[in-house]
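Student: Take a look at this one; I'll ask things after.
The values are calculated or read from the model by the stated rules, or taken from the named source; none is laboratory data. Note that the structure is a prediction, hence the values are computed from the model and not measured. Heads up, the Cβs are rebuilt from the backbone with ideal geometry, glycines too, and the neighbour counts pull from every protein chain shown. Remember, those area values only see protein heavy atoms, side chains included, never the ligands or the DNA or RNA. Shrake-Rupley method; radii C 1.70, N 1.55, O 1.52, S 1.80 Å.
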Amino acid sequence: MKVLMFGWEFPPFISGGLGTACHGLTQAMSQLGCEILFVLPKTTGEVDIQGPLSVFGADGYPMKDRVVKVGEHSLNLYQEYVEKEASFKTIEFKSPLMPYQNEEEYYLNYEKMEKERLCSIDLKSKSNYGSVTSKVIGEYEFQGGYGAHLMEEVYRFGRFGAEVAMNESFDVIHAHDWMTYPAGIAAKYSSGKPLVIHVHATEFDRSGNSVNQSVYDLERHGMHEADKICAVSHRTKQIIVDHYGIDSSKVEVVHNAVVKNSEDLPIYDRGIKEKTVLFLGRITMQKGPDFFIDAAHLVYKRLKDVQFIMAGSGDLYKRMINRVASLGMQNRFHFTGFLRGAELDRVFSVSDLCIMPSVSEPFGIVPIEAMRFGLPVIVSKQSGVSEILDHAIKIDFWDTELLAEKIIEVLSNEEKTMSMIQKNNENLERIDWKYAAAQIINLYGDFYRD
Amino acid sequence: MISVCLYFQIHQPYRIKKNYSFFDIGLNGQYFDDELNYSVMRKVAEKCYLPAGKILLDLIKKLDGQFKLSFSISGVALEQMQSCSPETIDLFKALVDTGCVEMLSETYYHSLAHLFSEREFKAQVKLHKDKVKELFGVKPMAFRNTELLYDNRLAEIVEGMGYKAILTEGANRILGWRTPNFVYQPKTCSKINLLLKNFILSDDLAFRFSNRNWPGWPLTAEKYASWIHNIAGSGEFVGLFMDYETFGEHQWKDTGIFDFLGNFPEAFLKHKDTAFVTPSETVKCFQPMAKIDVPNTISWADLERDTSAWMGNPLQDSSLSEIYELESKVRKKGDPELTAIWRKLQTSDHFYYMCTKWSSDGAVHKYFNHFDNPEASWVCYQNVVNDFRRRL
């Protein structure tokens, strides 16, 4: 089985859970013998004189040329991935577009990229750059008014999807989240192959009730054009059925998982010895950082030494800092900013309890990551992950008094907490990407079984 | 008859490391960005302290005792000059040795201590006094507080410490219809006298000198001297108080600021009945004209001329209450190294970086801020303080 997959992020360049999930899933699928061609736009701003479209993988794509041009840092990270994952290739499409950003942020990124690109042109012969550009990307005029708007980018990526579909051979198309739906649909029409869309989040999760109509329309269109829909939780499936008018038989729930290395978890020096409660995630309305601070303040007043960490960044970051300062919790409430790679492991390893008070969470991988580090977890009932965590404490996101009570209980009752961690570990055994991968490959098989 | 009282302020903080993170708490006791602090001191010494100092020294020699001025150099700036730019210290020694340069007292750590702890305030003033004595062999008799922060209470404390003069901003709201060009006396004091900054003439140099849209541009030494001469008859002295960095750093060399500095004293002295006076001489020469009542703290900062550059928003207030809450623990511990760190963390600049006011003053705050935004500086400062608390 060969799959043409459209995604937005892929490690090491990730901004949220989507890239991590795509990585875990594709790795498990390729281990089961599935061949994957992963296509994504990228925003790292490397110098790329071959034009925005480039191809690389471990199987003879013109990678060597490219490696020379990639910045030192990204080069090493990429090589690591390439060596590990010999069975699938990745195609890049240079774009300032990133998920979870508004148009203003997008525009800033775009300007930055343009500046970098113009600098790189100065170093090379202009005519060379121009000719390659027009040859490779055809109708896109990247040197002109290239993408001042997020939506426009999505459609451009869609046209790119059609082009890729004509050049490559595959059996199934699989598109992750709304921004890739136009690409998936275009690939479906240009190849006649079945389309699976994978819903990691919906506009209702991201925006609450102030839904962006164009995003909603794209999501709805994708769902209706899809031959099958994967939803990351029953919660998400319900939203798809209720808000997008999809027949529930077309939607299959495929829960996410985590990549489990056989290596021992790293151990870090722990500067803060007191009990520490962790919030990790984008600091946005969807993730409920306000509720974490409310509960933290209740605990702060009752337990003397407990420390709190808010790890991540987002549009509410500054507001949360000002709230903590106003509440006078600065001596026990810490902000780390955006964390990646080893820093993520580190923040888990110096914490004693992980809270995910999301207002609306299609899945939510953070508690599972936390469990790998032996942390007890408290999750909101409004999260998809709560469906597969049998022993986590579950609360309503708005019930900060109960949350505070539970935090105190976990931190004070060691025996009970130990037994919870034990049960979590057993639970963790049953959470593996191989189950999700098998489920999806089986679902592909249905297209060809008749 | 009109006199000019010149006072230049010099201060450089120990900036904390921009990348001091949450993960450093409990593990990393190195808070200050030595590299950045070194390079700033070297840069400012080269652009301002050294070239301006040489001009001043030449002027004093050339004018044979007629040209006088005063400096206030924070203790943390003096320390950093000693370690990063010893030639700057030597130049200041040479200036003080002429007998025409008065050194003023201030808090060693350029702090807001008088608003939070009288005991700590006095301790820092004493440290600074000792440092000035050690380096320059003189005993300061006039006082200026951090950024000219001032109120009745401060005047009482400083009077109690034996000072004869205190300097502050000639803010409109304390003067009302009165002119800053006379000596005044703090309302609740009977010995110490008050010298006020003529902020129009001071800011002509410090802020407007190179502004081509300003009607006064280009400002020549003769023009500026004539503005001061015009005051004769309606005032006794003009307090020109400003950052020393005005010369070469805020106003770059190519604006002609150094030529101005070199020409102004002679241009001013050309007129009969003119003189340069130091702050201590000013209060000896002139009797106080009236009492001035300042119940609420003023300063020379921003348009508001109050404390709002350093306190008032949650970021600043939480940080200030946090650092001063540690006072009793620090004293109890009695460790000289930790006490010095605690005091370096009191330096007003840390709270200035957390200012969230917007306007042209916001831009000034930004210029002096090595952090990306007020929140980032708060997070970093709290990480440092949270580590520091663990060491007490």
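Student: Condition check: in contact with an Asp or Glu (Cβ under 9 Å, 6 or more places away or on another chain) and of a type in the set (Gly, Ala, Ser). Does residue B:233 satisfy that?
Tutor: no
Student: When the residues of the stretch A:230-248 are filtered to those that are part of a loop (DSSP other than H, G, I, E, B) and more than 21 Å from residue A:364 (Cβ to Cβ), which remaining residue is most open to solvent (accessible area, probe 1.4 Å)?
Tutor: Taking the candidates together, the pick is A:247.
Student: State whether one or more residues within the stretch B:337-344 are at pLDDT below 95 and open to solvent by 30 Å² or more (accessible area, probe 1.4 Å).
Tutor: no
Student: Mind checking which helices (runs of 4 or more DSSP H) fall wholly inside the stretch B:296-392 and carry at least 1 residues that are out of contact with any Ser or Thr (no Cβ under 8 Å at 6 or more places or on another chain) and away from chain A (no Cβ under 12 Å)?
Tutor: Per the criteria, B:327-333, B:336-344, B:349-352, B:360-367.
Student: Taking the stretch A:258-279 on its own, how many of its residues are surrounded by fewer than 23 Cβ atoms within 10 Å (Cβ to Cβ) and of a type in the set (A, V, I, L, M, F, W, C)?
Tutor: 5
Student: Then there's this: Only one of these is more than 14 Å from every other protein chain (Cβ to nearest Cβ) and open to solvent by less than 10 Å² (accessible area, probe 1.4 Å): A:360, A:383. Name it. Let's see the steps before the verdict.
Tutor: On the way: A:360 fails: open to solvent by less than 10 Å² (accessible area, probe 1.4 Å).
Answer to the selection: A:383.
Student: Follow-up. Regarding the stretch A:319-336, can at least one residue be identified that is under 22 Å from the mean Cα position of the chain (by Cα), open to solvent by less than 50 Å² (accessible area, probe 1.4 Å) and more than 9 Å from chain B (Cβ to nearest Cβ)?
Tutor: No, that holds for no residue.
Student: Just one of B:64, B:97 is at positive phi and either without any contact (Cβ under 8 Å) to a residue 60 or more places away in the chain or surrounded by 21 or more Cβ atoms within 10 Å (Cβ to Cβ) (or both); which is it?
Tutor: B:64
Student: Also: Can you tell me which of (1) open to solvent by less than 50 Å² (accessible area, probe 1.4 Å); (2) of a type in the set (Asp, Glu); (3) under 22 Å from residue A:35 (Cβ atoms) is the one residue A:203 doesn't meet?
Tutor: (3)
Student: Being surrounded by 15 or more Cβ atoms within 10 Å (Cβ to Cβ), of a type in the set (Val, Ile, Thr) and touching a Ser or Thr at 6+ places or on another chain (Cβ under 6 Å): is that true of residue A:284 here?
Tutor: No; evaluated as a whole, the condition is false for this residue.
Student: Does residue B:105 satisfy being of a type in the set (S, T, N, Q), in contact (Cβ under 8 Å) with a residue 60 or more places away in the chain, farther than 16 Å from residue B:298 by Cβ and open to solvent by less than 20 Å² (accessible area, probe 1.4 Å)? Walk me through how you get there before you give the answer.
Tutor: Working: of a type in the set (S, T, N, Q): yes; in contact (Cβ under 8 Å) with a residue 60 or more places away in the chain: no; farther than 16 Å from residue B:298 by Cβ: yes; open to solvent by less than 20 Å² (accessible area, probe 1.4 Å): yes.
The answer is no for residue B:105.
Student: For residues that are in a loop (DSSP other than H, G, I, E, B) and buried (at least 18 other Cβ atoms within 10 Å of the Cβ), scanning just the stretch B:27-56, find the one that is farthest from the other protein chains (Cβ to nearest Cβ).
Tutor: B:33
Conditions (1) in contact with a Leu (Cβ under 6 Å, 6 or more places away or on another chain); (2) at pLDDT 95 or above; (3) within 25 Å of residue A:200 (Cβ to Cβ); (4) assigned to a loop (DSSP other than H, G, I, E, B), marked per residue:
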site: A:314; (1), (2), (3), (4): no, no, yes, yes
site: A:324; (1), (2), (3), (4): no, yes, no, no
site: A:364; (1), (2), (3), (4): no, no, yes, yes
site: A:374; (1), (2), (3), (4): no, no, no, yes
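Student: Of everything in the stretch A:343-357, what is open to solvent by 40 Å² or more (accessible area, probe 1.4 Å) and either more than 11 Å from chain B (Cβ to nearest Cβ) or more than 15 Å from residue B:24 (Cα to Cα) (or both)? Give them in sequence order.
Tutor: A:344, A:345
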